[in-house]
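Structure record follows, encoded as structure tokens.
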Amino acid sequence: MRALSLLSSSTEFTNDGTCRKTLWRRYEGDPWAAFDALPQTIRHRLTEHVYDAWSVNALILWRHYKKLYGATPRAERAMIRYLDYCERLEREAFTERHGSLPHLDAGATTLRYGPLPASE
């Protein structure tokens, strides 16, 4: 996890208008191959992430959780909790820089697809 939370020295903005590069380091790699290598529950959660969750970074993080817990549902839940934490950090960084977000002030929540359907 330490590798993914290192602060970048860049103050450059991404095309989505946020200051993500000041929060995270984006690792190089094939994003589609990385996405395909993740468990289905993690891929599902990444599609719901408020920002682009950078699948190469997510795969590095998944490998970390697999070392800690094995390739188990517990590891998947722990990683999803961490992705939620990262999402909160990004929202907080945005509001610190640009002010409040009206939809959050109104109590709106992030749209999620819900749990995965049961496998056949």
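Residue check: V56 meets all listed conditions (1) hydrophobic (A, V, I, L, M, F, W, C); (2) in a helix (DSSP H, G or I); (3) over 13 Å from the mean Cα position of the chain (by Cα) but one, namely (3). Scanning the stretch 27-84 for residues that are in contact (Cβ under 8 Å) with a residue 12 or more places away in the chain, of a type in the set (F, W, Y), surrounded by 14 or more Cβ atoms within 10 Å (Cβ to Cβ) and farther than 17 Å from Y113 by Cα turns up Y27, F35, W54, W62, Y65, Y82. Checking E76, E96, E90 one by one, the residue that is part of a helix (DSSP H, G or I), in contact with a Lys or Arg (Cβ under 8 Å, 6 or more places away or on another chain) and not polar (S, T, N, Q) is E90 and no other.
Any read-out appearing in this document is the output of simple, stated calculations on the displayed coordinates, not a laboratory observation. Since this is a predicted model, take the numbers as computed values, not measurements. Because the Cβ atoms are built from the backbone with ideal geometry, glycine has one as well, and the counts that use them run over all protein chains shown.
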